[in-house]
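The structure under discussion appears below in the form of structure tokens.
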Amino acid sequence: MKKLLFAIIIAVIGYQFFTKEQVAAPDLPQTIPLESFAISSGDLVLVNRDTQLQQDPINLAQIPTDIAANVVVDSNFLLENQVMQPLKQLFEAAQQDDIHYFIINSAYRSGILQQQLFEENGAAYALPSGYSEHQTGLSLDIGSTAGKMENTAEGKWLEQNAPKFGFILRYPKHKVDVTDINYEPWHFRYVGLPHSVTLQEKDFALEEYISYLKKEQSYTTKVNGTTYFVQYTTNSTTVNIPNTSNFNVSGDNKNGYIITSIIEE
């Protein structure tokens with residue numbers, strides 16, 4: 001009986017820590033211009049074998065060597081600046097769950113370095129310059145000093161919990177036919193909230209999520225008490241959004257924009 005009661009308490013605590021629900025769509029009284037936003041930049045740019053990155057990241061920052069106590073960072077790795085705080089929160093949450101043995105093995109790569117890797121390793125192991133997510137500054141390779149990621153607590157914890165902090169496992173084992181990339185249990189990509197949670201909930205690869213947005217055009221969801229309204233548009237001039245100052249615009253690196261607004265309640 002005591003074990004059952006304990007399990008119920010833990011389940012309730014977990015639910016309070018991370019919740020997601022669908023809510024009604026808001027009114028869209030505010031018009032914003034889109035001319036200043038690039039189709040080829042933002043947290044949701046799609047880069048793969050068929051879609052080339054058109055714009056290099058401009059807000060790169062060095063990953064602190066002391067970002068968290070349970071991570072080894074032994075090189076001058078760079079990521080887009082907006083990724084740093086969620087990454088720190090991710091590792092700190094893992095530490096609280098007694099997950100201790102992470103190591104960052106790769107992050108941003110320049111086009112020159114990516115091409116060098118491609119020429120040295122071939123198409124089976126690397127993508128040519130312009131077609132690697134590492135050039136976005138939004139992806140990083142996270143390993144475990146305890147063994148192969150697919151066999152360790154670190155890998156299993158990240159696959160399950162990374163979406164809570166805006167990250168996705170970019171190349172899952174069961175999505176090879178979609179991504180055209182072999183299973184990489186170490187490769188995590190920042191897409192931000194609520195996108196990462198929706199990707200996990202619907203079991204989407206990033207390619208499938210972009211297609212979903214194009215079809216649905218918009219959706220509203222609440223994650224951990226914050227209400228998000230997500231829109232997709234191919235209009236390159238203006239878009240109507242909720243009455244909020246807290247919004248983010250990302251291109252999809254093809255022909256559309258994803259606008260993510262936080263509804264102020």
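Please list, ordered by chain and number, the residues whose modelled amide H lies under 5 Å from the amide H of residue 30; skip anything fewer than 5 residues away on the same chain.
241, 243
Where does the charge balance sit around residue 135 when Lys and Arg score +1, Asp and Glu -1, over other residues with C-beta under 14 Å from its C-beta?
Every neighbour counted, the sum reads 0.
Which distance in nm do the two modelled labels at residue 203 and residue 27 give, with both placed 7 Å along the Cα-to-Cβ direction?
About 4.0 nm separates the two model spin labels.
Could you size up the charge dipole of the chain around its Cα centre, putting +1 on the beta carbon of Lys and Arg and -1 on that of Asp and Glu, and report it in debye to the nearest 20?
In total the dipole reaches around 540 debye.
Among the listed pairs 88/222; 156/202; 88/156, which are separated by more than 21 Å between their Cα atoms?
Over 21 Å Cα-Cα: 88/222.
Taking every DSSP beta bridge with both residues inside the chain, roughly what % is antiparallel (nearest 5)?
Antiparallel bridges: around 95 percent, rounded to the nearest 5.
Tabulate in residue order the Karplus-calculated ³J(HN,Hα) for the stretch 56-72, using 6.51 cos²θ - 1.76 cosθ + 1.60 with θ = phi - 60°, rounded to whole Hz; enter x for Gly and Pro.
Going residue by residue, I get 6, x, 10, 10, 6, 9, 6, 5, x, 5, 10, 4, 7, 5, 9, 10, 9 Hz, with x marking Gly and Pro.
Calculate the tail of P(r) for the chain: the fraction of all Cα-Cα distances greater than 28 Å, expressed in %.
More than 28 Å apart: 37 percent of the Cα pairs in the chain.
So which trypsin sites (Lys or Arg not before Pro) in the stretch 110-212 pass both tests, a DSSP loop state and at most 14 other Cβ atoms within 10 Å of the Cβ?
Within the stretch 110-212, the qualifying trypsin sites (Lys or Arg not before Pro) (loop, at most 14 other Cβ atoms within 10 Å) are 148.
At 1.4 Å probe size, what's the solvent-accessible area of residue 97? Round to the nearest 10 Å².
My reading of the accessible area for residue 97 is about 90 Å².
What figure in square angstrom, to the nearest 10, would you give for the accessible area of residue 117 with a 1.4 Å probe?
50
Quick one: which residues, 5+ away or cross-chain, put their amide H under 5 Å from the amide H of residue 224? H built at 1.01 Å from N.
Under 5 Å from the amide H of residue 224: 19, 20.
Quick one: if you stick a label point 7 Å off each Cα along the C-beta vector at residue 72 and residue 49, how many nm between them?
A separation of 3.3 nm, rounded to one decimal place.
Tell me, what is the FRET efficiency for residue 101 and residue 235 to the nearest 0.05, using R0 = 41 angstrom and their Cβ-Cβ distance as r?
With a Förster radius of 41 Å, E is 0.30.
In whole Å, what are the extents of the stretch 116-205 along the principal axes defined by its C-alpha atoms, from largest to smallest?
So the extents along the principal axes, rounded to whole Å, are 36, 29, 25.
Quick check: pseudo-label points 7 Å beyond the Cα along Cα→Cβ at residue 218 and residue 145, how many nm apart are they?
Taking the simple label geometry, residue 218 and residue 145 are separated by 4.9 nm.
So with the 1.4 Å probe, I'd like the accessible area per residue for the chain, rounded to whole Å².
Roughly 50 Å² per residue, with all protein chains present.
Around residue 146, which amide H atoms from residues at least 5 apart in sequence, or from another chain, sit under 5 Å from its own amide H, with H modelled in the peptide plane?
none
The values are calculated or read from the model by the stated rules, or taken from the named source; none is laboratory data. Treat the numbers as computed from the prediction; the structure is a model and nothing was measured. All Cβ positions, glycine included, derive from the backbone under ideal geometry; neighbour counts span all protein chains shown. The accessibility values were calculated without ligands, DNA or RNA, using every heavy atom of the protein model including side chains. Shrake-Rupley method; radii C 1.70, N 1.55, O 1.52, S 1.80 Å.
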